[in-house]
Amino acid sequence: MYLTKEPLFGNGKAKFILVKDNNDLRGLKIFKTVLKMYCKEQANVAILCYDGIGEDLIHGVTANNDDIKLLDIFSDPYSWYQGENLDALMSVEFIPEYFSDFKGVLCIYSLTSLLIHDGIVKVYKTLHKLLMNNADLQILALLHPSVHDLQEIDIIDKMSSTSLNINSDEDTEILQSVVHYSSGKVNSLSLEYKISENFELSSLVDVQLLKSKEVKEKKPDPTANLTFNLKLKDDEKEARNQLQLPYMKMQNSDDAVIQNLLENDFYDEEDPDDDLDI
């Protein structure tokens with residue numbers, strides 16, 4: 001069963017979706033999976049690619065690459081070959097100039113590169129102002145928390161409307177979705193997930209529901225550690241069924257007496273008071 005964005009984000013139009021990976025699990029799969037959700041909805045998508053070759057990033061996401069506006073800043077930081085008259089693409093300052101009126105989803109891969117280049121203050125102010133002034137803009141960004149200090153992570157995290165955190169539990173990959181509502185309410189959900197080869201969520205299970213189900217199924221077995229066997233084999237069951245216990249013999253004897261009484265002409269059908277003149 002393939003799911004939509006709603007179970008993850010709480011609503012269909014999350015303003016700022018932040019994907020955070022860790023040292024062991026890369027967030028690229030989740031990033032591309034969410035990106036593909038938007039592409040399937042035929043949303044207007046633009047990608048700023050800082051951390052890898054742009055063509056590799058969109059591979060497998062859409063059948064028609066022309067549906068995505070791709071700025072491959074990693075391969076062409078000064079836009080010498082992309083036909084765009086853009087200067088200093090590595091700086092966050094160019095983003096409002098070209099995306100202040102953009103209606104769609106702006107994907108940043110990754111936000112870590114912008115933070116390293118411009119610092120937390122400039123990145124926060126620029127993106128916050130952009131989101132506040134453009135109601136039709138959504139941002140999807142990937143962050144590598146291992147590169148940043150806790151204060152930077154906390155600032156970006158609080159600016160996001162939805163934070164997707166990737167963790168692991170033994171051999172299981174866990175996706176924690178934290179949704180920040182405008183009312184101030186925060187909703188957290190831990191999900192066991194699997195992603196197919198074509199970047200779609202093929203499995204998404206609530207970890208709490210899964211654990212409670214496992215607890216119910218693992219009820220203690222009082223016969224588990226006995227030194228003798230309480231279960232009968234087939235031949236033992238057959239011998240038990242053929243065995244007649246004393247109470248069964250008594251019951252059979254009583255039944256025979258009753259049956260004998262019913263069969264004998266015990267009752268006199270003539271009325272003993274027929275000779276009386278009443």
query = In segment 183-196, is there at least one residue being open to solvent by less than 70 Å² (accessible area, probe 1.4 Å), at pLDDT 85 or above, over 21 Å from A46 (Cα atoms) and outside any helix (DSSP H, G or I)?
reply = no
query = Looking at segment 1-26, which of the residues that are in a loop (DSSP other than H, G, I, E, B) and closer than 23 Å to D67 by Cα is modelled with the highest pLDDT?
reply = K15
query = Which members of segment 171-196 meet the condition of being more than 17 Å from the chain's Cα centre (by Cα) and either of a type in the set (S, T, N, Q) or more than 15 Å from V19 (Cα to Cα) (or both)?
reply = Y181, S182, S183, G184, K185, V186
request  = For residues that are touching a Lys or Arg at 6+ places or on another chain (Cβ under 8 Å) and aliphatic (A, V, I, L, M), tally how many sit in segment 152-166.
outcome  = 3
key: Options V205, V179: the member that is closer than 24 Å to K36 by Cα and either modelled with pLDDT under 75 or in contact with a Lys or Arg (Cβ under 8 Å, 6 or more places away or on another chain) (or both)   = V205
request  = Show the residue pairs that are 6+ apart or on different chains and have beta-carbon atoms under 6 Å apart, the first residue being within segment 43-71 and over 20 Å from L201 (Cβ atoms), the second being open to solvent by less than 40 Å² (accessible area, probe 1.4 Å) and charged (D, E, K, R).
outcome  = C49/D72; G54/D72
key: Test: L164 is surrounded by 18 or more Cβ atoms within 10 Å (Cβ to Cβ), closer than 18 Å to C49 by Cβ and within 29 Å of the chain's Cα centre (by Cα)   = no
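The values are calculated or read from the model by the stated rules, or taken from the named source; none is laboratory data. All of these numbers come straight from a predicted model, not from anything done at the bench. All Cβ positions, glycine included, derive from the backbone under ideal geometry; neighbour counts span all protein chains shown. SASA here: full protein model, heavy atoms, side chains in, ligands and nucleic acids out. Shrake-Rupley method; radii C 1.70, N 1.55, O 1.52, S 1.80 Å.
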